[in-house]
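The values are calculated or read from the model by the stated rules, or taken from the named source; none is laboratory data. Quick caveat, the model's predicted, so the values are computed rather than measured. Reconstructed Cβ throughout: ideal geometry from the backbone, glycine too, with neighbour counts over all protein chains shown. For the accessible areas, the whole protein counts, side chains as well, though only heavy atoms, and no ligand, DNA or RNA atoms are used. Shrake-Rupley method; radii C 1.70, N 1.55, O 1.52, S 1.80 Å.
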Amino acid sequence: MKNQETKVIHKSRKTKETDISLNLLIYGSGNAQIQSDIGFFNHMLESLVKHSLMDLEIVCKGDTFVDGHHSIEDCGILLGQALAQGIYPAQGIERFGNASVVMDESCVECDIDVSNRAFLVFETNAYKFPFKGKVGELDVELVEEFFRAVCFNANLSVHIVLKRGKNLHHIIEAMFKAFAVALRRALSPNPRICTPSTKGVL
């Protein structure tokens, strides 16, 4: 990964629905400055940043008078694009990362392959738990949309699986934290691994 210690990546996106500016340092210290009009989403991004040890600044102005869909999806798109720019061609990293995160009664597992191929498995059917409703101003169904936007723009293969849980706040926070820790581990520098693929390039 080129200039992996110091490279700050800037991205912006402006549509009729959102106006977003983003700065990302992949190998940071967990500092977050998040401004959107969706409080619980801000909280989740702050958790993601804290546990991935990235530094992230996002200012998002979106049409939340409609709902949060455009803001959350577009933030995911932009974050994914920034990750892709900073990661590929992938060199000198572990490539694979895994984490199970517990938050009280909830447990979520995340597995990541920094594969340069996009895929998302998002399973929430533990004990036939109804993964729907709202937490604060966040529509629960938008959690999957966020992770899909990140994965398909960052070219990551990701499995997020709810193992158990009852409280939606706990479940969603465990998802963001598990993704963060798995990503941190997958991107961990390893000087013994030049290119982490038998293909010779990722």
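Scanning the stretch 191-202 for residues that are open to solvent by 30 Å² or more (accessible area, probe 1.4 Å) and out of contact with any Leu (no Cβ under 7 Å at 6 or more places or on another chain), which turns out nearest to Asn155 (Cα to Cα)?
Val201
Are any residues in the stretch 107-135 over 30 Å from Gln91 (Cβ atoms), assigned to a strand (DSSP E or B) and open to solvent by 70 Å² or more (accessible area, probe 1.4 Å), and if so, which ones?
Matches in the stretch 107-135: Glu123, Lys134.
Could you give every pair whose Cβ atoms fall below 9 Å, whose first residue belongs to the stretch 145-160 and is on the phi > 0 side of the Ramachandran plot, and whose second residue is modelled with pLDDT of 95 or more and open to solvent by 10 Å² or more (accessible area, probe 1.4 Å), counting only separations of at least 6 or pairs across chains?
Every condition considered, the pairs that remain are Asn155/Ala84; Asn155/Tyr88; Asn155/Asn116; Asn155/Arg117; Asn155/Ala118.
Here is a yes/no grid of residues against (1) over 13 Å from the mean Cα position of the chain (by Cα); (2) of a type in the set (A, V, I, L, M, F, W, C):
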residue	(1), (2)
Arg13	yes, no
Lys16	yes, no
Leu25	yes, yes
Ser29	yes, no
Phe41	no, yes
Asp67	yes, no
Leu78	no, yes
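The rows are residues; the columns are (1) under 20 Å from Leu138 (Cα atoms); (2) open to solvent by 40 Å² or more (accessible area, probe 1.4 Å); (3) in contact with an Asp or Glu (Cβ under 8 Å, 6 or more places away or on another chain).
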| residue | (1), (2), (3) |
| --- | --- |
| His69 | yes, yes, yes |
| Glu73 | yes, yes, yes |
| Leu78 | yes, no, no |
| Leu83 | no, no, no |
| Gly86 | no, no, no |
| Pro89 | no, yes, no |
| Ile93 | no, no, no |
| Ala99 | no, no, yes |
| Glu105 | no, yes, no |
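Can you give me the number of residues within the stretch 140-177 that are of a type in the set (A, V, I, L, M) and over 23 Å from Ser71 (Cβ atoms)?
Within the stretch 140-177, residues that are of a type in the set (A, V, I, L, M) and over 23 Å from Ser71 (Cβ atoms) number 2.
Considering only the stretch 56-67, state which residues are open to solvent by less than 10 Å² (accessible area, probe 1.4 Å) and either part of a loop (DSSP other than H, G, I, E, B) or of a type in the set (Val, Ile, Thr) (or both).
The answer is Ile58, and nothing else.
Can you tell me which residue in the stretch 1-21 is modelled with the highest pLDDT, limited to those that are open to solvent by 70 Å² or more (accessible area, probe 1.4 Å) and among the β-branched types (Val, Ile, Thr)?
Among residues in the stretch 1-21 that are open to solvent by 70 Å² or more (accessible area, probe 1.4 Å) and among the β-branched types (Val, Ile, Thr), the one modelled with the highest pLDDT is Val8.
Given the residues Leu162, Leu183, which is the only one that is at pLDDT 95 or above, crowded, with 24+ Cβ neighbours inside 10 Å and in contact with a helix residue (DSSP H, G or I) (Cβ under 8 Å, 6 or more places away or on another chain)?
Going through Leu162, Leu183 in turn, just one is at pLDDT 95 or above, crowded, with 24+ Cβ neighbours inside 10 Å and in contact with a helix residue (DSSP H, G or I) (Cβ under 8 Å, 6 or more places away or on another chain): Leu183.
Looking at (1) open to solvent by 30 Å² or more (accessible area, probe 1.4 Å); (2) at pLDDT 95 or above; (3) of a type in the set (Ser, Thr, Tyr), which one does Ser157 not meet, given that it meets all the others?
Failing condition for Ser157: (1).
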